[in-house]
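A.B. asks: My structure is below; once you've seen it, I'll send some questions.
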Amino acid sequence: MPTNLTGATIASTYDQLLHVDDGPTATEKTIYSGTGVATALKVGTTSASVGNVQLTGNTVQATTGNLMLGSNIAFGSASNARAALGLGTMATQNSGAVAITGGTVSGVVFSGSFSGMTLVESTTLATSAAAAGVNLNGNTLAADGTDTNIDINITPKGTGRTVVGALSATSPRVVTGVNDTNGNELLKVTATASAVNELTLANAATGNGPTLSSTGDDTNIDINITPKGTGEVNITNIDVVSGKVPFSTITDRAYAAFSDVTDQTGSTTVPAPVKFGTTEVAGAGITMVTDGANLTRLTFAAAGTYAVMPNLQFTNSDGNDHDATIWFALNGTNIARSATKMTIPKVADGGNAFFQIVFYVTVTAGQYIQVYWLPENVAVTIDHTAAVTGPPAIPAIPSAIISAERIA
């Protein structure tokens, strides 16, 4: 072999020529310098390598580790680069994000957290939880998974609230209650195990009022309203169509009854208050109080309107008819237009007469009523008749009876 080659393409000495011992084979062989020094280049009949980078056909790959690309790589154009790297139409990646405009990304799995997103558009979004998750399809958020019953939980932070602009709930469950706009309790609810009866609220068209009804499985169902402590149920206007109000539950009731079992004589010049010395019915709020000498003052503890009903048994012991005048006084002052005159017949005509009247009076708390009488002849008395043992037994005839009842 010549020691020096001349010509247009190979110059200098034999030492600069590269060679493959015995020629290349299917397995890459090391390329040596003219002096027998091995180089980083290896050549085979179908591939060539430099270090860890191998070129096989139109494929560049790393024989070990990762294939690293330096910073000064040119692909001719961005589209060529994307095509060469298998990126399709994806734009060039920036330092902190990849912007995708148009196109379709499918079969992509995201992990970690996301921030800075202003809009996500999709036909369906779903969690990957198999047992219990949610999916958003169109305008419907639905629980999804293999479990039979799955809740959807929306949990605000701290004192935050879940704000819903307009809500349509078919059968909502209120766990503890409903608060007002300030967060104060407005309505509280309690649960009854195996409850079958409930309240139904119905609205109404013009001219009709809304209806609160008892509904449920039972045939007859009450509505119970229970105030706390000494609180009351206050209704501004009430119209009781049917039903009952237990008499014992009515507050501010007032009633009483009194009588007298003595003969009472009068004066033709000085009116006398009728005496009622015996309590027949010790009611509530009405008492008979002394005027200093006799029990004559029917006294009312509470302000209101009362029905006062006196009954007087008159007797005339004279041979002629005589009149007697009866009227009412409030706190010692005669009540206008309250007088009544009646005639008691003479002895020959029986000599007895019975006076009865219902008188309505409005008083303030602590005021009292008295019944006054004035005969035209002292032969007229308010007479008591003792009981007859019989037979037949006849009860006593009081000289005077009075009863009173609050009506308003």
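The values are calculated or read from the model by the stated rules, or taken from the named source; none is laboratory data. From a predicted model like this one, the values you see are computed outputs, not experimental measurements. Cβ: placed from backbone, ideal geometry, glycine included. Neighbour counts: every protein chain shown. Accessible surface is based on the protein model in full, side chains and every heavy atom, while ligands, DNA and RNA are left aside. Shrake-Rupley method; radii C 1.70, N 1.55, O 1.52, S 1.80 Å.
A.B. asks: Condition first: in contact (Cβ under 8 Å) with a residue 24 or more places away in the chain and hydroxyl-bearing (Ser, Thr, Tyr). Now tell me which residues in the range 351-408 satisfy that.
C.D. replies: Across the range 351-408, the qualifying residues are Tyr360, Thr362, Thr364, Tyr368, Tyr372, Thr381, Thr385, Ser399, Ser403.
A.B. asks: Which residues, counting only those in the range 339-388, are on the phi > 0 side of the Ramachandran plot and either surrounded by fewer than 17 Cβ atoms within 10 Å (Cβ to Cβ) or acidic (Asp, Glu) (or both)?
C.D. replies: Residues satisfying the conditions are Gly350, Gly366.
A.B. asks: Only one residue in Val371, Val358, Val347 is at pLDDT 95 or above and more than 14 Å from Leu312 (Cα to Cα). Which one?
C.D. replies: Only one candidate qualifies: Val347.
A.B. asks: Here's something else I'd like to know. Taking the criterion of being farther than 25 Å from Val245 by Cβ and outside any loop (DSSP other than H, G, I, E, B), would at least one residue in the range 203-217 satisfy it?
C.D. replies: no
A.B. asks: State whether one or more residues within the range 187-194 are free of Cβ contacts under 8 Å to residues at least 12 places away in the same chain and farther than 22 Å from Ile223 by Cβ.
C.D. replies: Within the range 187-194, none of the residues are free of Cβ contacts under 8 Å to residues at least 12 places away in the same chain and farther than 22 Å from Ile223 by Cβ.
A.B. asks: Restricting the range 171-180 to residues that are in a loop (DSSP other than H, G, I, E, B) and within 29 Å of Thr140 (Cβ to Cβ), which is most open to solvent (accessible area, probe 1.4 Å)?
C.D. replies: Filtering first and then ranking leaves Arg173.
A.B. asks: Counting just the residues of the range 299-325 that are over 53 Å from the mean Cα position of the chain (by Cα) and hydroxyl-bearing (Ser, Thr, Tyr), which one comes out surrounded by the most Cβ atoms within 10 Å (Cβ to Cβ)?
C.D. replies: Thr315
A.B. asks: Please work out which one of (1) farther than 22 Å from Pro271 by Cβ; (2) outside any strand (DSSP E or B); (3) in contact (Cβ under 8 Å) with a residue 60 or more places away in the chain is the condition Ala348 fails and give its number.
C.D. replies: That leaves (3) as the condition not met.
A.B. asks: For residues in the range 389-400 being in a strand (DSSP E or B) and surrounded by fewer than 20 Cβ atoms within 10 Å (Cβ to Cβ), which is farthest from the chain's Cα centre (by Cα)?
C.D. replies: Filtering first and then ranking leaves Ile394.
A.B. asks: Please work out which residue is nearest to Ile286 (Cα to Cα), limiting yourself to the range 310-324 and to residues that are in contact with an Asp or Glu (Cβ under 8 Å, 6 or more places away or on another chain) and part of a strand (DSSP E or B).
C.D. replies: Gln313
A.B. asks: Among the residues of the range 264-298, how many are among the hydrophobic types (A, V, I, L, M, F, W, C), surrounded by 14 or more Cβ atoms within 10 Å (Cβ to Cβ) and closer than 13 Å to Ile402 by Cα?
C.D. replies: The number of residues fulfilling the criteria is 6.
A.B. asks: Would you pick out the residues in the range 153-170 that are open to solvent by 100 Å² or more (accessible area, probe 1.4 Å) and either in contact with a Ser or Thr (Cβ under 6 Å, 6 or more places away or on another chain) or not in a loop (DSSP other than H, G, I, E, B) (or both)?
C.D. replies: Ile154
A.B. asks: Still on this structure, I have one more. Which condition number in (1) open to solvent by less than 50 Å² (accessible area, probe 1.4 Å); (2) closer than 27 Å to Ala301 by Cβ is the one that Ile407 fails?
C.D. replies: The one condition Ile407 does not meet is (1).
A.B. asks: Going by the conditions given, is Gly36 farther than 18 Å from Val20 by Cα, at pLDDT below 80 and open to solvent by less than 80 Å² (accessible area, probe 1.4 Å)?
C.D. replies: No; evaluated as a whole, the condition is false for this residue.
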